[in-house]
Amino acid sequence: MKKKYTVMIFDESRLGDVKTRKISSRVIRLAMLSVALYVFVSGAGFYYLNNLYKERSVLSKYQEENLGLKEKIAGYQAQIININEKVAGVLELEDKVRNLAAYGTTDKTHKQLAVGGKEVDVLQDLSKVSERKDKRFFEGLNTTLSNLGMEIEQRAVSLSELADFLEEQKLMLSSTPTIWPVKGWISSGFGYRISPFTGRRVFHEGLDIATKYNVPVQAAAKGIVVYSGRKAGYGKTIIIDHGYGYITKYGHNNKLTVKAGDKVSKGDVIAKVGSTGRSTGPHVHYEVLVNGIPVNPLKFIVGSN
């Protein structure tokens, strides 16, 4: 026999009126099952919606991070391009300067940047990089940028040393007697000759360059006039100290246009051609001394007269 349950219902307005309803146990079980099912479905739905909200929050956060990563990578890319352009400019300048100065040989292998570590191609798809968020990518990128910076510093030091060398070479070149002191022809060369005054074999310590009276005599190099006046045998003479052990003498002049202590540059007029002193005609007796020893001036002169 099926169990039944009686439910009594009281009407507050009419206390004497009582209603009764009989409910079977099956209906009660179905009602309880429905309530339990409702609670379960509601709970599962809330759990699902809560997880979905969390996932959307995380996804939104990832999207923001991806945008930040893309901006950071774009900045790295621009920085690398800028650094590479600077390095290329420095290398090109170094090659040009070294070739101009003929300072050693240029090793083309030096143009390969000395970088190491993980190889990174910043021009790859940025979204893929952002999605994987590989920390090693940025470590490799930072290493690349660091190595590029070191490369620029090394090249800058190299160029600085080269600039110092070129400056020294420039000073030395400007102090080297490389031009003819006067236009004319060589009437007597450097070395042994028969003296036109004694007829004996003597050593001639310079060049005799014959030309017309009062032709301008030029300083063969940059320097300081250490003597301007008459000298026995040389007549009116100019002596210039060029530094680096170089000294030049200009004898038999008709007129001296500089005095002791004057600074002169290569090509400055220092006298006028004459025939003073022990001379047979208008010419310049031109000597070059290196560390006090007379040497052939033709070893230094560049070009023909």
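What follows draws every value from the coordinates through simple rules; no lab data is involved. Bear in mind that the values here come from a model prediction, so they are computed numbers and not experimental data.
Taking a ≥ b ≥ c as the square roots of the eigenvalues of the alpha carbon gyration tensor, the stretch 185-299 is oblate, as a/c is not under 1.5 and a/b does not beat b/c. Kindly flag which residue pairs out of Lys231/Lys259; Lys249/Lys272; Lys212/Lys263; Lys170/Lys222 have an alpha-carbon separation exceeding 18 Å in this structure. Result: Lys212/Lys263 exceed 18 Å.
Here the extension length gained between Ala232 and Thr257 equals 7.1 nm, from 0.36 nm per residue of separation less the Cα-Cα distance. Net length available on complete extension from Ile293 to Arg26 is 82.7 nm, with 0.36 nm assigned per residue and the Cα-Cα distance removed.
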